[in-house]
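Here's the structure we're looking at; comments come further down.
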Amino acid sequence: MSLDTATIRRIASLARIRLDESEVQQAQAEINGILGWIEQLQEVETEGVEPMAGGSPVAQARARLRPDVVTDGGQADAILANAPDRQGEYFGVPKVVE
């Protein structure tokens with residue numbers, strides 16, 4: 001499949017990309033190259049191949065996950081150390097709504 005310059009201009013217009021004439025020719029060559037790669041991929045035999053959602057299932061099995069535990073952090077003093085105004089364990093901010 002090969003796209004002509006009118007189709008490239010329409011794609012650029014839909015994507016709101018402004019292309020000069022030389023850029024249209026370059027984009028046409030690049031997009032036609034990408035479509036050529038897709039055509040090559042469609043020729044690959046994939047019967048009986050399991051779909052994969054990620055890289056290697058072995059790498060995912062080895063990943064060590066920490067327990068998902070909710071904590072308060074316990075770092076209020078460290079977090080608020082550079083705060084310009086502090087009200088207890090919270091940032092102090094000016095009143096916005098009267």
- Item | Cα gyration tensor shape for the chain, rounded if a/c is under 1.5, else prolate or oblate | oblate
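Kindly rank 8-15, 37-44, 64-71 from highest to lowest mean number of other beta carbons found within 10 Å of each residue.
The peptides rank, most packed first, as 8-15, 37-44, 64-71.
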- For the pair residue 39 and residue 23, how long in nm is the line joining their label points, each one 7 Å along Cα→Cβ? 2.7 nm
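Laboratory data are not the source of any read-out in this text; all were calculated from the coordinates shown. Only a predicted model underlies this, so the values are computations on that prediction, with no experimental measurement involved. All Cβ positions, even for glycine, are placed from backbone atoms using ideal geometry, and neighbour counts span all protein chains on display.
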